[in-house]
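Okay, so here's the structure we're looking at.
The values are calculated or read from the model by the stated rules, or taken from the named source; none is laboratory data. Since we're looking at a predicted model, the values are computed, not measured. Neighbour counts are summed over all protein chains in view; Cβ atoms, including those assigned to glycine, are modelled from backbone coordinates with ideal geometry.
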Amino acid sequence: MILQALVGYYDRRCADPDPARRLPSFGFETKEIPFVIELDADGKVRQLIDTRQSDGVRLRGRKFLVPCGEKKTSGVKANLLWDSAEYVIGLTRERRSSAETTPTEAFRSRIEALPAEVKLDPGLRAVVLALDRADWTALHAHTSWPEIQESNPVMTFSLASDAGELVCQRDLVVKAAVSLSVAGALGWCLVEGRVAPIARLHPSIKGIRDAQTSGANIVSFNARAFESYGKTERQGENAPVGERAVFAYTTALNHMLQHNSPNKIQIGDATSVVWADRNSDLDEELVACFGDDPNAHVASVRERFEAVRSGRTGADDASMRFHVLGLSPNAARISVRFWIHARFDDLAPRILRHFEDLRIVLQYDSDPTTPSMCRLLTSIARLGKADHIPPKLAGDWMRSILEGTSYPAPLLNAAVGRCRAEQATDGGAGNVPYLRAAILKACINREYRGRDSSSDFHFIKESLDMNQVDPAYLLGRLFAVLERIQARAQPGINATIRDRYYGSASSTPAAVFPTLLRLKNHHLRKLGEGEAIFFERLIGEIFGTTELPLLRDFPTHLNLHAQALFAIGYYHQRQFMLTRRNRAADEPTTELED
């Protein structure tokens with residue numbers, strides 16, 4: 001199913017009316033080649049062409065359509081008419097045994113193996129003569145020669161009379177390259193459902209974070225336990241896929257995984273690609289929802305989904321099917337983390353629900369209303385560094401969003417743990433900053449949404465909820481009020497009750513709150529009468545009345561979910577007190593802002 005969808009994407013892109021969007025035809029690949037050796041018809045080197053241009057960060061070579069390269073693991077294997085400088089001009093890189101074929105010999109052998117009629121091509125003859133001459137003096141005089149010696153870049157040849165066309169792009173060479181690509185034994189292709197030459201090895205997939213730089217494979221066999229009887233030397237027949245289908249799915253996947261691809265989602269260690277079953281910009285909109293600035297794209301997806309749901313427009317959008325493939329590295333292979341295919345009218349509401357679940361009152365006006373997953377994950381990582389994001393968490397979270405299920409348990413655990421372990425020093429939301437509070441709210445609401453509808457749980461709202469009677473939520477509110485009283489009574493104090501007691505107050509309230517309430521009485525004496533009355537009244541509202549008590553006693557222990565509710569109550573109460581527009585009408589006139 002995965003490979004069939006990728007082959008379908010490849011076929012659709014090859015038939016695109018815009019030539020710039022078409023993918024390479026069978027037997028070819030797009031390769032960045034920084035240096036081109038221009039030859040005269042007699043094989044003499046005329047000049048070395050540097051195709052590189054700055055992309056703002058570094059110099060990148062121009063991309064050319066060239067015959068597919070060999071899969072290189074160990075030993076010497078040469079590509080057809082293009083390769084590294086070690087193969088093309090014999091640049092010395094490492095000492096090799098005398099019995100081993102040298103890279104230049106392998107490069108020459110690939111050319112000599114071409115059919116006789118192809119060797120008559122003027123461009124190919126010029127390359128053979130240049131290799132016979134082996135006179136690269138013109139290259140040594142180029143200003144980039146020291147860099148070439150150091151980096152061993154990819155090089156190829158062009159004929160001076162061809163106006164920039166490479167020798168490997170000449171018609172006879174192209175036909176030969178295509179015929180050489182079809183060399184496998186005939187068999188039944190499991191992807192295309194027909195008899196076709198079966199590929200023995202599948203090209204490598206590149207662009208997966210933390211995978212080998214040379215690429216990795218989705219389909220491969222490297223141990224006898226995974227091979228069928230008698231197919232040790234013909235390992236491609238263990239999972240028979242035709243050479244064309246192999247080329248199509250690897251080309252499509254490598255295209256979507258390339259740098260800055262609009263189909264690629266990179267969050268933590270999770271690499272995902274998204275594509276639709278027909279040409280549309282909707283797949284790029286969905287990908288952008290998980291990018292660095294998702295706000296505008298979420299609004300666009302919401303608008304199109306509302307149009308589909310109301311029947312105004314977008315009938316084609318509703319039936320459009322999207323494919324989401326989540327990948328992760330596993331040594332020299334690639335693991336499929338998840339595979340989701342769903343219609344737009346099923347997938348869009350799941351994504352929109354994710355951002356709705358995250359919505360919580362802002363800590364600062366500059367906070368994003370639709371935060372990116374990268375920022376959210378960083379907020380629960382140790383030291384706030386992406387390198388410390390818990391492994392596998394990003395991929396599991398992405399999967400739960402796309403499937404509309406509860407968030408993974410480690411997400412809530414990590415968020416609560418960071419709240420207890422870290423103390424903010426900027427006077428903002430204390431141990432519970434905005435992004436962390438958004439994660440906690442979303443985790444709690446999504447978990448209870450999937451439970452029995454008869455549950456009496458009150459879902460967490462965006463801002464302070466006076467009707468929320470969960471003891472943990474009320475304790476969080478109470479702790480925020482006690483912290484505020486201390487801040488008003490002792491401005492500029494070095495260590496507040498938040499710094500000393502947040503962890504124990506959120507996990508073992510019975511051991512801490514009696515002490516905090518006694519301290520509160522001392523702090524209230526230092527405040528003005530109106531301010532003291534205000535805080536006493538606020539604490540009374542949290543505890544409830546004699547007829548309807550809300551906090552009867554302090555629990556000896558709060559579990560993980562209760563600690564999350566404590567953190568949300570603390571965050572809500574702090575934001576309520578620190579925001580002028582949310583102040584109650586009977587608040588004292590004394591300024592309460594930090």
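Looking across region 44-58, the residues that are modelled with pLDDT of 90 or more and among the aliphatic types (A, V, I, L, M) come down to VAL45, LEU48, ILE49. With respect to GLY27, determine if the residue is within 30 Å of PHE322 (Cα to Cα), surrounded by 16 or more Cβ atoms within 10 Å (Cβ to Cβ) and either among the β-branched types (Val, Ile, Thr) or touching a strand residue (DSSP E or B) at 6+ places or on another chain (Cβ under 9 Å) (or both). Answer is yes for this residue.
Yes or no, residue by residue, for (1) exposed (fewer than 14 other Cβ atoms within 10 Å of the Cβ); (2) among the aromatic types (Phe, Trp, Tyr); (3) outside the structural domain of PHE247 (by TED's automatic domain parsing):
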residue: LEU159; (1), (2), (3): no, no, yes
residue: LEU166; (1), (2), (3): no, no, yes
residue: GLN169; (1), (2), (3): no, no, yes
residue: VAL173; (1), (2), (3): no, no, yes
residue: VAL191; (1), (2), (3): no, no, no
residue: ARG194; (1), (2), (3): yes, no, no
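Figure legend. Inter-residue proximity from region 192-214: first residues over 21 Å from ILE2 (Cβ atoms), second residues of a type in the set (Asp, Glu) and modelled with pLDDT of 85 or more, beta-carbon distance below 9 Å, spacing 6+ or different chains. Indicated pairs: PRO197/GLU243. Quick check on this structure: which one of PRO371, PRO349, PRO329 is part of a loop (DSSP other than H, G, I, E, B) and at negative phi? Just one listed residue meets the conditions, PRO371. Residue-level check: of (1) hydrophobic (A, V, I, L, M, F, W, C); (2) at pLDDT 90 or above; (3) part of a helix (DSSP H, G or I), ALA20 misses just (2).
Against the test of being touching an Asp or Glu at 6+ places or on another chain (Cβ under 9 Å), modelled with pLDDT of 90 or more and among the charged types (D, E, K, R), the options LYS441, LYS461 yield a single qualifying residue, LYS441. The residue of region 76-94 that is nearest to the chain's Cα centre (by Cα), among those that are without any contact (Cβ under 8 Å) to a residue 24 or more places away in the chain and part of a loop (DSSP other than H, G, I, E, B), is GLU94.
Filter region 557-594 for residues that are modelled with pLDDT under 90 and of a type in the set (Val, Ile, Thr); which is surrounded by the most Cβ atoms within 10 Å (Cβ to Cβ)? Residue satisfying both the conditions and the ranking: THR579.
Restricting region 257-306 to residues that are surrounded by 18 or more Cβ atoms within 10 Å (Cβ to Cβ) and free of Cβ contacts under 8 Å to residues at least 40 places away in the same chain, the residue that is farthest from GLU356 (Cα to Cα) is ASN263.
Considering only residues that are part of a loop (DSSP other than H, G, I, E, B), surrounded by fewer than 22 Cβ atoms within 10 Å (Cβ to Cβ) and of a type outside the set (Gly, Ala, Ser), look in region 231-256 and name the one that is modelled with the highest pLDDT. Among those that are part of a loop (DSSP other than H, G, I, E, B), surrounded by fewer than 22 Cβ atoms within 10 Å (Cβ to Cβ) and of a type outside the set (Gly, Ala, Ser), it is PRO240. No other residue among ALA113, ALA163, ALA99, ALA106 is modelled with pLDDT of 90 or more and of a type in the set (A, V, I, L, M) apart from ALA106.
Note on region 266-289: residues that are of a type outside the set (Ser, Thr, Tyr), at pLDDT 90 or above and within 14 Å of the chain's Cα centre (by Cα) amount to 2. Evaluate the following for ASP11: is it modelled with pLDDT of 90 or more, among the acidic types (Asp, Glu) and part of a loop (DSSP other than H, G, I, E, B)? The answer is no for ASP11. With respect to (1) of a type outside the set (Lys, Arg); (2) modelled with pLDDT of 85 or more; (3) under 30 Å from GLY268 (Cβ atoms), the lone exception for ASN431 is condition (2).
Residues are listed down the side, and each one gets a yes or a no for (1) surrounded by fewer than 17 Cβ atoms within 10 Å (Cβ to Cβ); (2) modelled with pLDDT of 90 or more:
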{"position": "MET320", "(1), (2)": "no, no"}
{"position": "LEU325", "(1), (2)": "no, yes"}
{"position": "ASN330", "(1), (2)": "yes, no"}
{"position": "ILE340", "(1), (2)": "no, yes"}
{"position": "GLU356", "(1), (2)": "yes, yes"}
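Within region 386-403, being touching a helix residue (DSSP H, G or I) at 6+ places or on another chain (Cβ under 7 Å) and in a loop (DSSP other than H, G, I, E, B) holds for ILE389, PRO390.
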